[in-house]
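The values are calculated or read from the model by the stated rules, or taken from the named source; none is laboratory data. Predicted model, so just to flag it, every value in this text is computed and none were measured. All Cβ positions, glycine included, derive from the backbone under ideal geometry; neighbour counts span all protein chains shown. The area values use the complete protein model at the heavy-atom level, side chains included, leaving out ligands, DNA and RNA. Shrake-Rupley method; radii C 1.70, N 1.55, O 1.52, S 1.80 Å.
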Amino acid sequence: MDAQRILANFFRKTWPFYVMSIALHTVANIIQVNFPKVLGEFTDELEAGLLSMDGVVRYGWTLLAIGVGFALIGGVAQYLVMYTGRYFEFMNRSRLYAHFTGLSERFYSRNGVGKLLSYFMNDVTAVRESISMGVNQTAGASILLISTIVMLLLSDVPIYLVAACIFPLLLIPFIVVYFGPIIRKRSLQVQEALGTMTESAEEQFGGVRVTKKFAMEETMNGRFGKTVERIREKQLRLVRVSSFFQALVPFLGSTALIIALSFGGYLAIVGRISLGSFVALTLYIRMLMNPLQQIGNVINVIQRARASLDRLNDLLGKQPDIKEREDALAADLAEADIELRGLTFSYEGGESERAVLKNIDLRVARGATLGIVGRTGSGKTTLTKLLLRTYDPPDGTVFYGGADVRDLTLESLRQGIAYVPQDGFLFSSTIRENIAFHKRDSELAQVEHAAKQARVYHNIIEFPDQFETRLGERGVTLSGGQRQRTSLARGLIKEAPVLILDDSVSAVDAVTETEIMETIREVRQGKTTIIIAHRISALKHADLIVVLDEGEIVQRGTHESLLAEEGLYRTLHDIQEEGTQQHGTGN
């Protein structure tokens, strides 16, 4: 859904509020434009000596009623528009979030969190201001402008005097046509710069612990300061042109007032118009200056909103890379073997020599345990992304139960897989809610059981609030090993037909790792398990182990068979064994 359709849908739902607001603005301004007329009549009667004290009181009450009526009715009209504007923010931030969740992992690898937040905060707010303040002030200013001109034409003021006063105002449309595109272009630059700043701030806050540990506060302050300085420069460029534009509009209004005072004053002196008509004329011209100023503000706001709409259009035009086919099938992974046939994959879609994975042929029988090991960058994590279909593999390369993964519904596929990454993300909620993330209705006993399986239970009960302990951002309350094991508990409680552990116990000690792997062997009987690890000890009991190197399978077999042959597996094993022995002897 593009931004124009969002606005159309919004106005379809809220048009009664805007119609009511415009009607109230009309009534309020019709009341207001009578103020100069009544004051003019009061001036003429006062000059002629026709007023008694009762007349003064009557005129006083009349002017008070006009002021109170305008304030009350105009206030209700303004409330209606501001209320619907806030509804726009609520509705479209929800829609933006839904759109974000539908986009693929490739999109997030290219766009930082701060940039995405700027759409929520800056762009939606800019559009909201244009449809609340814009509609509110445009309606009020337009009605007041028209009503004032009509009252001037119906008054005793000669038409040539009215025309002379209004002439400067006819230049306003030409000013708008000239300045509008400039303001919109510079507003777009400011919005993009704000997105960059938000992204930079999010990164700086996330890495503040590293900054402090390396005593790099001054350097990072300088780097962020340059980002802020770039925003200041772009904002000043916008301010210069918008300020000049906003100054021109009231200047033309002031020119009209000068004409009214000089020309109208002359006609009053020579007796062509009454003093009351002259007072009414100057008040009407003064009254015209307020809507002109409002129109200038509205044009500024609308141009900025158009820049934000352009950004939102670009965002909402993004389509997910991963799409379900119309005839997609529901996956039953509990009964499925996993098979890879000639899998070659590149993130850029390039040729095979740049591929992350090359000619992968592999079959994992239902209920078996597969171990994957290899050097850093050998393609292990990429393989899991293709199995989960967070990236699309080529057609005819990844199969579950004989069905191409691209023919399966995404929900059924991912419901059937529990994935535990190395840096498992924890939310700023309780430990219990993090573990029960997939099964929100889990009993405490189930959560505790999963924590025991992941060997994190005893750490949790040491906290004063135990499983109700609230974690800080990204789980900073816990140590690295505790975060990993909490993430593992979240994967185990899902009890999915397929479990993928992507180096998910790398931060725990060797004894705890052995206990965890023994538990996984017991609880995963009859269910498919894929274990990716750097440490050979985590893979010893796998039914099949494959060794990846530069995207290719260079060895496959059991732990014992791989140790019996020359190759990368035995090399990695020997290096790790030597490191363990040195650590154990204190060397």
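For this structure, a couple of remarks:
- Rolling a 1.4 Å probe over the protein chains gives Phe263 an accessible area of about 70 Å².
- Averaging the sequence gap over all C-alpha pairs within less than 8 Å and six or more residues apart, then dividing by the number of residues, gives the chain a relative contact order of 14 percent.
- The chain, dipole about Cα centre (Lys/Arg Cβ +1, Asp/Glu Cβ -1), debye to the nearest 20: 1900
- Amide H contacts for Gln555 (H built 1.01 Å from N in the peptide plane; partners 5 or more residues away or on another chain; cut-off under 5 Å): Val547.
- Cα-based shape type of the stretch 428-587, given that a ≥ b ≥ c are square roots of the gyration tensor eigenvalues and the cut on a/c is 1.5: prolate
- Span-rule helices in the chain, defined as complete DSSP H runs reaching 15 Å or more along the axis (Cα) with Kyte mean at least 0.0: 3-32, 53-102, 124-154, 172-206, 217-259, 275-316, 510-523
- Share of Cα-Cα pairs in the chain lying beyond 40 Å, as whole percent: 50
- Ordering Ala445, Ile285, Pro394 by the projection of their Cα atoms onto the charge dipole of the chain, which places +1 on the Cβ of Lys and Arg and -1 on the Cβ of Asp and Glu, puts Ile285 at the extreme positive end.
- For the residue pairs Lys318/Lys358; Lys115/Lys226; Lys439/Lys527; Lys385/Lys439; Lys452/Lys527; Lys318/Lys385, alpha carbon separations beyond 28 Å are given by Lys318/Lys358.
- Rounded, prolate or oblate (a/c below 1.5 giving rounded, otherwise prolate when a/b exceeds b/c) for the stretch 43-165 by Cα gyration tensor: prolate
- Accessible-area value, His458, 1.4 Å probe, nucleic acids and ligands omitted, Å²: 130
- For the chain, the mean residue ellipticity at 222 nm estimated from helices alone is -20500 deg cm²/dmol, where every DSSP H run of n ≥ 4 contributes -39500 (n - 2.57) and the total is divided by all residues, rounded to the nearest 500.
- Centroid-to-centroid, using Cα positions, the stretch 353-379 and the stretch 394-453 are 21 Å apart.
- The stretch 308-457 shape via C-alpha gyration tensor axes, a/c threshold 1.5: oblate
- Whole-angstrom gap from the stretch 310-351 to the stretch 57-91, using each part's C-alpha centre: 54
- 5 angstrom amide H check on Ser428, placed H, neighbours 5+ away: Arg474
- Trypsin sites (Lys or Arg not before Pro) restricted to the stretch 435-503 and DSSP loop, no more than 10 other C-beta within 10 Å: Arg440
- Taking a quarter of the surface of the Cα convex hull of the stretch 1-79 gives a mean projected area of 6.4 nm².
- Amide H contacts for Leu329 (H built 1.01 Å from N in the peptide plane; partners 5 or more residues away or on another chain; cut-off under 5 Å): Leu408, Thr409.
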